[in-house]
Amino acid sequence: MNRVFFRKILASTALTAITLTSVAFLPAGVYAQEAVKQEEKKPSATPTGPSPLSEKDDPSKIGKRKINNGSDKLFGWLGGSREKEIALGRQLSLEVEKQSKLVEDPMVTEYVNRVGQNIVLHSDAKLPFTIKVIDSDEVNAFALPGGFFYVHRGLVLAADNEAELAGVMAHEIAHVTARHAMENQGKSTAINYGALIGIIFGGPIVSGVLQNGGGILAGLAGMKFSRNAEIEADRLGVQYLYAAGYDPQAMSTMFEKLASQNKKKPGALLKLFSTHPQSVERRDGSLALVARFPEREEYVMSTSEFERVKGHLSRLTNAKAGISVDFDEAGDPKPTLKRRQPESTDGADAEGTSSSDAPPKLKRRDEPTTSQPSPTPQS
């Protein structure tokens, strides 16, 4: 009897031990599987590189994206269209040309037009541009709605190379592409809704169009845009420069130079700086965006044609002022082309300058000087 009872107790104890052991080991296996799953979900510590560019910041998307339809807010109830925007710009351009003297020298006008049209070709512009040069010492450029674009003689003379000139033009072309003038309906704008309606329907430009009584030329040439509009023009402008093959940093270089000159001689004909002041924040933002563009072996900084045109324009300007300047037998100063990295090549001196007539391709500072073909910019 005792033996049977003892066996039952022993069997019961063994069964309890086996059950507890199974219960103890089962969660361990489940927890192990969960740990493996959690480990698989953890993000990799290895960096995957910079985030891709947004459509608005990607040069490869130029011409394939919509930048701004802002002017339709104004023209919508009139059956909004680009044609009305162009008609407005044409009327304003007639007034500008009544109040200003244009440079008519074909060497200057054709060159400036070619530089500008090349930028337009590599931009998001949906309309043709008409580009002219105003005979003024002011360092300025401005663009009207509809693609009517004016470059002051002083801007060409202030630029040290073609990329700087193209940089300012790219910035202004970006303002037109983004239709900032049509959004700029604050107190600082040169035009208002009432005047726009009169212009669209062929009416006279009334005094309300004029800014502070200074004339439509003064108002339009001095038009200021919002901070956000300037940032957008910066970001679009560097993309257009890059797509056209220029060094995209040249735009910031030009504005920095104007800022420096403005500190030395405040208000000394630097209207471009006063209307488009580039803050440190904007400059850094533009340069940060440029650093994310696909690398290129070479960029265009300047050309011998720029040097010839600038020299020719200097001679015309000095002649008007009665100043005599010595020129070479060709009538223009010989071009001096600066390279970013000194190269020990024939035709270049120790400072990396060259007097070749061929358009120079300039190396990036952070890249080796191996010779590779430069990709053709895509519009």
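The values are calculated or read from the model by the stated rules, or taken from the named source; none is laboratory data. Everything numeric in this text was worked out from a predicted model, so none of it was measured. A quick note on method: Cβ atoms are made from the backbone with ideal geometry, for glycine too, and the neighbour counts reach across all protein chains shown.
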- Message: Condition check: surrounded by fewer than 24 Cβ atoms within 10 Å (Cβ to Cβ) and modelled with pLDDT of 90 or more. Does E232 satisfy that?
- Response: yes
- Query: Are there any pairs with C-beta distances below 7 angstrom linking a residue in the stretch 87-108 that is under 14 Å from Y150 (Cβ atoms) to a residue that is assigned to a helix (DSSP H, G or I) and modelled with pLDDT of 90 or more, with the two at least 6 apart or on different chains, and if so which?
  - Reply: V103/T109; V103/R153; V108/V309; V108/H312; V108/L313
- Message: Give all pairs with beta carbons closer than 7 Å in which a residue from the stretch 292-319 that is part of a loop (DSSP other than H, G, I, E, B) meets a residue that is crowded, with 18+ Cβ neighbours inside 10 Å and among the acidic types (D, E); count only pairs at least 6 apart in sequence or on separate chains.
- Response: M301/D247; S302/E162; T303/E162
- Message: Among the residues of the stretch 138-152, what is the count of those that are crowded, with 24+ Cβ neighbours inside 10 Å and either assigned to a loop (DSSP other than H, G, I, E, B) or among the charged types (D, E, K, R) (or both)?
- Response: 4
- Restricting the search to the stretch 93-121, which residues are modelled with pLDDT under 95 and either β-branched (V, I, T) or within 24 Å of the chain's Cα centre (by Cα) (or both)? V96
